[in-house]
Every structure is written in C-alpha cells, then in structure tokens.
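Below is one structure, written out as structure tokens, with a few remarks after it.
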C-alpha cells in the first residue's frame, strides 16, 4: 500500500468536482472564507459603531454612517449595522472551527496512534479516558471548562478542542490496528524503522482518508459549539461580533425585530449545512464501499 501522494489529492479533487452538491458546498465555504479574510473591505460600516436613533431599524432603513447609506439587513438594539457584524462574525466562527478541529486532530491522532500501535496499558488507559469523555455531554463539558478558564476566544478554542478528541482517537486507533500488521509495515519494521517512523511515515499517511472526513464533519460541530457558548455568555465577549452572541442579544426582540435574530441564524445554518454536505461528499468519495 503506497502513501497518499499528489495523485491522491488530484483524484480526490476530480471526484469532488463531479458532484454538483459538493461543488456548491465548497463554493459556499470558499466564499465564507473570503468574506472573513476581506471583512474590513466588505463590511459597509464599523461593526461596533452605534447610531442610537436607528436602534432596531428594519432592513433598508437609511443610515448616516454605512457606506451603502442604508442598514441593508437592519440595525441591532443599539443601532449597529447587522450586516457588518455578521461579516466580522464569520471570522470568529471559521477561526473557532479550524482551530478547534486542529486541536482535536492533534490530540485524537496522538492518543489514538499510541493506543493502537503499542496496545497493552497504553490502549487501556487511553480508551478508558475516552470512555470518560463520552460519558459527559460535550456541550456541558465545554461549559465547565469555560467556567474554569473564564470567557474569552482563546479559551473557546481550548474548551471545544479538548472535548472532541475522543471520537477521533477511537477512529485513529481502529485504523492503526488495521494497518500496523500489513505487509508493507512489516517490511519497514524488518528494515529497522523506528516506532515513530513506522507511525508517521507508514501508518498514519494511510489513515488520512477517514481523518479528512472526520475533520470536515467536525468543523460545523465546533461552529455550533461556539455559537452555543456565546449564546450563554461564555464565549466571545461583547462588543466583539459573534453569530451566537447576536442571537443571544436578539432574544428579547423576537416580536418587534425578528430580522435581528434571523440573519445570524441563517449565517450559522448555511455555514453548518455547507460543511455537512462537503463532509458527506468526502465520505462517499473516500469510502471504497460507497464509491461509484
């Protein structure tokens, strides 16, 4: 079995581009990433600038400080431009998704590799720790971590990253158990390869396919987790714009200004839906049993 190479990634991209739903979801994700990177240029106003006389202004209302001259998506309870806050909030959501899943991948891959490769007490200790993690609802565990560390964006990264590694560790352990006794690994072991070289150069590269799928499907979970923490007041702190905190602020105005909660809710829904569709497409492409 050869390691994933440039041809692997070309074949993956080719198969992905043959699926219209996957292409659409990938285009949405790329567009969101560009919006986050170019927020300073795309946002019609400073997301924290207030215009108290325009508080809860409906979409299309005139504005004195936006570049468009109107509140395109309306204004919030202190007259801030909702469109600008949603654009800047995309930075928080995507950053949390990427950083949190990176922490999960690192911890899950490290611990799963040790458990699957060495077995014995390594396997027992790590898998029992994973069982303990599974025993707690992930959101409640993240809330406990945030209470212990205090609300901040950096602590959101930590709280969401350390709560999701157990599933990835079990996935990696299973792949390592499947691969470590195959012929090419035995040949490398007979040639004198060290344990670290066997794991990093021969085993993990051949377990990359399920990790790609798991990471893609884990990003929307992290985004939803950040939104939930911010909604509870434990995530990103005001006045930094976050989709979750915007929904929290809008809860008292659902009847008089429904657009206030509508737009950030749609932003979360579209982002999570796009990542889930992309993850499903990658699973179908990379699983030999589901290939066309």
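Could you tell me which of the residues 94, 105 is closer than 18 Å to residue 244 by Cα, surrounded by fewer than 23 Cβ atoms within 10 Å (Cβ to Cβ) and touching a helix residue (DSSP H, G or I) at 6+ places or on another chain (Cβ under 7 Å)? Lay out the reasoning, then the answer.
Values: 105 fails: closer than 18 Å to residue 244 by Cα.
On inspection, the qualifying residue turns out to be 94.
Those residues that are on the phi < 0 side of the Ramachandran plot and touching a helix residue (DSSP H, G or I) at 6+ places or on another chain (Cβ under 6 Å), I need them from the range 60-75; list them, please.
So the first thing to find is which residues in the range 60-75 are on the phi < 0 side of the Ramachandran plot, and the list is 61-68, 70-73, 75.
Passing the criteria: 72, 73, 75.
The helices (runs of 4 or more DSSP H) falling completely within the range 108-227 that include 1 or more residues that are touching a residue at least 60 places away in the same chain (Cβ under 8 Å) map to 138-149, 153-163, 165-179, 183-190.
Just name the residue that is nearest to the chain's Cα centre (by Cα) out of those in the range 228-246 that are surrounded by fewer than 22 Cβ atoms within 10 Å (Cβ to Cβ) and without any contact (Cβ under 8 Å) to a residue 60 or more places away in the chain. Going through the qualifying residues, I end up with 231. Residue 255 falls short on exactly one of the conditions (1) in contact (Cβ under 8 Å) with a residue 40 or more places away in the chain; (2) outside any helix (DSSP H, G or I), and that condition is (1).
Yes/no per residue for (1) loosely packed, with under 13 Cβ neighbours inside 10 Å; (2) over 30 Å from the mean Cα position of the chain (by Cα):
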{"residue": "10", "(1), (2)": "yes, no"}
{"residue": "17", "(1), (2)": "yes, no"}
{"residue": "27", "(1), (2)": "yes, no"}
{"residue": "41", "(1), (2)": "yes, no"}
{"residue": "45", "(1), (2)": "no, no"}
{"residue": "53", "(1), (2)": "yes, yes"}
{"residue": "56", "(1), (2)": "no, yes"}
{"residue": "65", "(1), (2)": "no, yes"}
{"residue": "72", "(1), (2)": "no, no"}
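Taken over the range 175-199, residues that are exposed (fewer than 12 other Cβ atoms within 10 Å of the Cβ) and within 22 Å of residue 212 (Cα to Cα) amount to 1.
Where residues in the range 143-171 are surrounded by 21 or more Cβ atoms within 10 Å (Cβ to Cβ) and under 15 Å from the mean Cα position of the chain (by Cα), which of them is farthest from residue 110 (Cα to Cα)? Walk me through how you get there before you give the answer.
Taking the range 143-171 as the starting set, the residues that turn out to be surrounded by 21 or more Cβ atoms within 10 Å (Cβ to Cβ) are 146, 156, 159-161, 163-166, 168-169.
Subset that is under 15 Å from the mean Cα position of the chain (by Cα): 156, 159-161, 163-165, 168.
On the way: 156: 21, 159: 18, 160: 17, 161: 14, 163: 15, 164: 13, 165: 10, 168: 10 Å.
This residue is 156.
Can you go through 261, 230 and tell me which one is at pLDDT 90 or above, within 30 Å of residue 59 (Cα to Cα), part of a helix (DSSP H, G or I) and in contact with a helix residue (DSSP H, G or I) (Cβ under 7 Å, 6 or more places away or on another chain)? Result of the check over 261, 230: 261. Only residues that are in contact (Cβ under 8 Å) with a residue 24 or more places away in the chain and over 15 Å from residue 90 (Cβ atoms) were counted across the range 17-38, and they come to 6.
Checking the stated criteria, residue 223 turns out to be surrounded by 15 or more Cβ atoms within 10 Å (Cβ to Cβ), within 30 Å of residue 60 (Cβ to Cβ) and within 20 Å of the chain's Cα centre (by Cα).
The values are calculated or read from the model by the stated rules, or taken from the named source; none is laboratory data. None of these values were measured; they are calculated from a predicted model. All Cβ positions, even for glycine, are placed from backbone atoms using ideal geometry, and neighbour counts span all protein chains on display.
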